[in-house]
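Engineer: Below you will find the structure I want to go over with you.
The values are calculated or read from the model by the stated rules, or taken from the named source; none is laboratory data. If you're wondering where the values come from, they're calculated on a predicted model, not measured in any experiment. A quick note on method: Cβ atoms are made from the backbone with ideal geometry, for glycine too, and the neighbour counts reach across all protein chains shown.
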Amino acid sequence: MKTSHESELERCRILLYGVAQNEAIKGRISAIYTEERLGTGHELYQTAKTASSSQVEEKLQSAAASRIFNELRDEIHEGYVRMRNAARYFFKDDQSVYELLLLDQKIRQRFADWRKDVTHTFKVISQSPALLEKLTLVDFTAEVVANYLVKAASIDQLRLNAEIEDGEAQEASVKKYETMSDLQAYCADLRECLDLFYHGSERQVLECVGITVK
């Protein structure tokens, strides 16, 4: 099913090409709508059509970039939470470990803070044989911890990519609606012009090529 935007774009296309392909209609309104002015309408249509397609593509790219970022963030966060739970279990009586791994601190929500704490925690573990010895029992091996550090190091770029793609999608949306507004204004004026020249039963001439003026 077409969206309202697609339907309006198609309605404008029918109007513009219906007029352009009918010499009788073109001749009737030529004093107001010259060939050059009719050409402007086609340019506006092509610009709006291109902007609409670009917005769809940009939204898809934005969604893909956000999905990649969110999936990695969720993966890292899940491992971070499991590691904290394991460390609390194995070192419940060791306050120095609690302080070292920030276990008394709630997980911070702001991305920059969360990213800093995650990196700190996994780096401390990777450099501590005593911590790794216990955590390896629940699959937090040196290799697993190192892998989390690599992923944490890459997530900033993925977040930046998602933000860039989101910005480009928003710009494409603005362009889409601006170009459609220009096209609609042109088509509204063209319909008003046709309304002046065709009335009563003569409207059938327009209807035969799919043009409605109201």
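Engineer: Would segment 45-57 turn up any residue that is assigned to a loop (DSSP other than H, G, I, E, B), closer than 15 Å to ALA185 by Cα and either modelled with pLDDT of 90 or more or of a type in the set (D, E, K, R) (or both)?
Structural biologist: So far as segment 45-57 goes, no, none of its residues is assigned to a loop (DSSP other than H, G, I, E, B), closer than 15 Å to ALA185 by Cα and either modelled with pLDDT of 90 or more or of a type in the set (D, E, K, R) (or both).
Engineer: Answer with yes or no whether GLU178 is more than 24 Å from the chain's Cα centre (by Cα), modelled with pLDDT of 95 or more and assigned to a helix (DSSP H, G or I).
Structural biologist: no
Engineer: Consider segment 1-35. How many of its residues are in a helix (DSSP H, G or I), among the hydroxyl-bearing types (Ser, Thr, Tyr) and surrounded by 12 or more Cβ atoms within 10 Å (Cβ to Cβ)?
Structural biologist: Final tally of qualifying residues: 1.
Engineer: Return the only residue of VAL118, VAL205 being modelled with pLDDT under 95 and either hydroxyl-bearing (Ser, Thr, Tyr) or touching a Phe, Trp or Tyr at 6+ places or on another chain (Cβ under 9 Å) (or both).
Structural biologist: VAL205
Engineer: If I go through segment 1-44 residue by residue, how many of them are modelled with pLDDT of 95 or more and of a type in the set (Lys, Arg)?
Structural biologist: Number of matching residues: 1.
Engineer: Report, by residue number, each residue of segment 1-50 that is under 24 Å from GLU178 (Cβ atoms) and basic (Lys, Arg).
Structural biologist: Matches in segment 1-50: LYS2, ARG11, ARG13, ARG37, LYS49.
Engineer: What's the number of the condition LEU38 fails, among (1) touching a residue at least 60 places away in the same chain (Cβ under 8 Å); (2) in a helix (DSSP H, G or I)?
Structural biologist: Evaluating LEU38 over (1) touching a residue at least 60 places away in the same chain (Cβ under 8 Å); (2) in a helix (DSSP H, G or I) leaves (1) as the failure.
Engineer: While we're looking at this one, here's another question. Taking the stated definitions as given, is GLN61 in contact (Cβ under 8 Å) with a residue 12 or more places away in the chain, not in a helix (DSSP H, G or I) and not acidic (Asp, Glu)?
Structural biologist: no
Engineer: Would you pick out the residues in segment 181-214 that are outside any helix (DSSP H, G or I) and at positive phi?
Structural biologist: Residue satisfying the conditions is GLY210 alone.
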